[in-house]
Ligand code: AMP
């Protein structure tokens, strides 16, 4: 089957056309600046990558350009749209309604709309992408794959906040967690690499990218994760603060004469390692800055690593033990310093890093010593492939 995987952001759209038989990428690309002006970057495997400026007043226009690019006789990947057997859509928030992926129909769309409140920037964009595919490819099945679904197995003690219970009852305020597709994919792969049945394993997945989250996966099920009601919680990230004392919001608002919304914006866009270092949100820049003697870059990196370490300890406690850790996503796969620093002094938990093996970048590798009780692996994530697999499983 050929599956078109679509990931709509508020002003962007990423896509991959995947052949599920070989799990290979036939074409991929990105639409940027949707609603502003519009730019498409497209690559068909084996052909030259190109970028064109196109008028994209909305996501429907972007989807149309993507489909045109896929069937272009010279630069495209397929002869006609009939060759696309299904579309898989990444949906950010499924609330408590969706514990797994579903084939999209009118009822599902309504249920996703009801979660818009919980992800006001992302879910409406996701829905526009779905609507465009349904209109432009009538008859082609669409599947929704939720970032939150994998974490719906968390027990109440892990997802309940210490605020009046009525807010959970009335507004469904609770921990949901995100990056679920990645945590699911990577934990399964980690168990395979360890050669063990996931049902008997206690695993921690560190998805460290521009957005970062860690999950505790016990017996194949997510039992806790660092992100919360929104993806702002947990680790300090590229530009997001992660966990802070909630009273800080009011404090900054008063001192700087800002609204709650403005402070929220600072916590989302001007905080994290970017805010700390004053240099960059990119870990390559931070590592280079630290090596050049910039102490704020060192501090930003070390605050990040300290928090990763703290959550590893917390999740080992939550699961009553630990068998394996996976590092994934841009930082987890590529930044040896972060892996080393985050695991420093964790020998008491049976975690011993092999410093030589830890120099690996972007490929599957065992990076713990042979006698480490806990195996530590680098496991590249592949959210698009995971979405394609889910889509195939549902429409077959
Ligand atoms: P992601 O959100 O998973 O794409 O991850 C993006 C982050 O990964 C960026 O902020 C970079 O800091 C980091 N990253 C990506 N590639 C590398 C690399 N080759 N070396 C170090 N860090 C990298």
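Among 39-45, 345-351, how do they line up by average Cβ neighbours within 10 Å per residue, starting with the highest?
39-45, 345-351
Could you work out how far helix 123-136 tilts from the main Cα principal axis of the chain, as a 0 to 90 degree angle to the nearest 10?
So the helix axis and the longest Cα principal axis differ by about 30 degrees.
Per DSSP helix of 4 or more residues, -39500 (n - 2.57); summed, then divided by the residues of the chain. What does that give at 222 nm, rounded to the nearest 500?
Mean residue ellipticity at 222 nm (helix-derived): -11000 deg cm²/dmol.
Would you mind pulling out the separation of the Cα centroids of the stretch 187-218 and the stretch 83-98, in Å?
22
What's the center-to-center distance, using Cα atoms, between the stretch 253-276 and the stretch 12-30 in Å?
The distance from the Cα centre of the stretch 253-276 to that of the stretch 12-30 comes to 37 Å.
Shape call for the stretch 77-227 from the C-alpha gyration tensor, a ≥ b ≥ c root eigenvalues: rounded (a/c under 1.5), prolate (a/b greater than b/c) or oblate?
oblate
Considering only DSSP beta bridges where both residues belong to the chain, give the percentage that are antiparallel (nearest 5).
Bridges in the chain are about 70 percent antiparallel.
Relative contact order, percent, of the stretch 24-79 when contacts are C-alpha pairs under 8 Å separated by at least 6 residues?
30
Determine, from the Cβ-Cβ distance of residue 60 and residue 110 and an R0 of 25 Å, the FRET efficiency 1/(1 + (r/R0)^6), rounded to the nearest 0.05.
Once the sixth-power term is evaluated, E becomes 0.80.
Counting pairs of alpha carbon atoms under 8 Å apart in space and at least six apart in sequence, what relative contact order in percent does the stretch 241-396 give?
15 percent.
For the stretch 30-50, list residues with backbone N below 20 Å from a point placed 7 Å from the Cα of residue 136 toward its Cβ?
Only 30-45, 49-50 pass the distance filter.
Taking the 0 to 90 degree range and rounding to the nearest ten, how far is the long axis of helix 247-256 tilted relative to the main principal axis of the chain, both from C-alpha atoms?
Once rounded, the angle reads 80 degrees.
Helix 295-319: angle to the longest alpha-carbon principal axis of the chain, degrees 0 to 90, nearest 10?
Computed tilt is about 90 degrees.
Which shape class, rounded, prolate or oblate, goes with the stretch 48-96 when its Cα gyration tensor gives a ≥ b ≥ c as root eigenvalues, a/c under 1.5 marks rounded, and past that a/b bigger than b/c marks prolate?
Here the stretch 48-96 falls in the oblate category.
Which order, highest average first, do 384-393, 66-75 follow once you tally other Cβ atoms within 10 Å for each residue and take the mean per peptide?
Ranking, from highest mean packing down: 384-393, 66-75.
In nanometres, what is the gap between the two model label sites at residue 314 and residue 197, each 7 Å from Cα along Cα-to-Cβ?
3.2
If a/c stays under 1.5 just call it rounded; otherwise compare a/b with b/c (prolate if a/b is bigger, oblate if not). Do that for the chain, with a ≥ b ≥ c from the square roots of the Cα gyration tensor eigenvalues.
Rounded, since a/c falls under 1.5.
Could you work out which residue, out of 21, 61, 77, moves most in a Gaussian network model of the chain, that is, has the largest mean-square fluctuation with Cα springs under 10 Å?
Sorting by GNM fluctuation, first place goes to 21.
Subtracting the Cα-Cα distance from 0.36 nm times the residue separation, let me have the gained length for residue 1 to residue 47 in nm, one decimal.
So the chain would gain 14.4 nm between residue 1 and residue 47.
Of the peptides 354-365, 6-17, how do they stack up when ordered by the mean number of other Cβ atoms within 10 Å, highest first?
Put in order of decreasing packing, that is 6-17, 354-365.
Sequence gap at least 6, Cα distance under 8 Å: using those rules, report the relative contact order of the chain to the nearest whole percent.
With pairs under 8 Å counted, the relative contact order is 14 percent.
Only the coordinates and a few stated rules stand behind these numbers; no lab work does. Bear in mind that the values here come from a model prediction, so they are computed numbers and not experimental data. When we count neighbours, we look across all protein chains shown, and the Cβ atoms used for this are built from the backbone with ideal geometry, even at glycine.
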